[in-house]
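Visitor: There's a structure below that I have some questions on.
The values are calculated or read from the model by the stated rules, or taken from the named source; none is laboratory data. Note that the structure is predicted; figures quoted are calculated from it, not measured. Cβ coordinates were reconstructed from backbone atoms using ideal geometry, including for glycine residues, and neighbour counts include every protein chain displayed. For the accessible areas, the whole protein counts, side chains as well, though only heavy atoms, and no ligand, DNA or RNA atoms are used. Shrake-Rupley method; radii C 1.70, N 1.55, O 1.52, S 1.80 Å.
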Amino acid sequence: SSAPEAESNMTGMLGKTDVTYREIVHLSVGGPAVRLVLTNEFGKEPLTISAVNIALSAGGNAIKETTLTPVRFEGQTSVTLPAGTAVVSDPIDFKVTPLSNLVVSFSIPVQPLSQITAQTYSLQTNYMTTGNMSTAPSLTAAAIMPGINRIKRGDLAGAQLARQSRHSSLLPSN
């Protein structure tokens, strides 16, 4: 696994359009509930995430629609993380079995992003598309990404596993 680090928005492309990231989280253990920790640890500006949803994977970038569940933060479906912070989601009643693939989809609206939190050395395939498509059954015309951003950690009740993405990590624990 790799540690998060700062990554400059050298191309200026990040934050120019609304985007949805779809991250496939490979679970080694299961549990009856999920919690996510999203991060803006190395961001220089506040980061607004307009929607976060979880679902079980149907393969590729598709989700099992009957499992689609919104993620809330203090009861809200959107959240703004000040620069240098992380936020913990409300607990989500969502049963996952060992060795399943959990899909985390999150939408980031247009906003200034001069620097992001990244995990450059993570080895995982994820997806990105324009617009808020966090509830879409599948992402048409999605770009395949080696890793995605913003998930720092996720908790599965009573379980511990590790997984990392390009821009942040998921480390479920007690």
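Visitor: Only one of (1) loosely packed, with under 15 Cβ neighbours inside 10 Å; (2) hydrophobic (A, V, I, L, M, F, W, C); (3) at pLDDT 55 or above; (4) under 20 Å from N40 (Cα atoms) fails for A143. Which number is that?
Guide: Among (1) loosely packed, with under 15 Cβ neighbours inside 10 Å; (2) hydrophobic (A, V, I, L, M, F, W, C); (3) at pLDDT 55 or above; (4) under 20 Å from N40 (Cα atoms), the lone unmet condition for A143 is (4).
Visitor: Determine whether the range 48-56 contains at least one residue that is in a loop (DSSP other than H, G, I, E, B), closer than 20 Å to N126 by Cα and touching a strand residue (DSSP E or B) at 6+ places or on another chain (Cβ under 9 Å).
Guide: So far as the range 48-56 goes, yes, one or more of its residues are in a loop (DSSP other than H, G, I, E, B), closer than 20 Å to N126 by Cα and touching a strand residue (DSSP E or B) at 6+ places or on another chain (Cβ under 9 Å).
Visitor: Quick one: I49 ticks every box in (1) more than 16 Å from T80 (Cα to Cα); (2) surrounded by 15 or more Cβ atoms within 10 Å (Cβ to Cβ); (3) within 17 Å of the chain's Cα centre (by Cα) except a single one, so which number is it?
Guide: The failed condition is (1).
Visitor: Can you tell me how many residues in the range 87-106 are of a type outside the set (S, T, Y), in a strand (DSSP E or B) and open to solvent by less than 60 Å² (accessible area, probe 1.4 Å)?
Guide: Adding up the residues that qualify gives 9.
Visitor: Something else about it: Return the residues of the range 74-83 that are in a strand (DSSP E or B) and either open to solvent by 10 Å² or more (accessible area, probe 1.4 Å) or modelled with pLDDT of 95 or more (or both); say none if nothing qualifies. Don't jump to the end; show me each part of the working.
Guide: Residues of the range 74-83 in a strand (DSSP E or B): 76, 79-81.
Across the range 74-83, the qualifying residues are Q76, V79, T80.
Visitor: Can you pull out the residues in the range 60-70 that are open to solvent by 40 Å² or more (accessible area, probe 1.4 Å) and either in contact (Cβ under 8 Å) with a residue 40 or more places away in the chain or in a strand (DSSP E or B) (or both)?
Guide: G60, E65, L68, P70
Visitor: Could you tell me whether D18 is open to solvent by 30 Å² or more (accessible area, probe 1.4 Å), closer than 17 Å to A136 by Cα and out of contact with any helix residue (DSSP H, G or I) (no Cβ under 7 Å at 6 or more places or on another chain)?
Guide: yes
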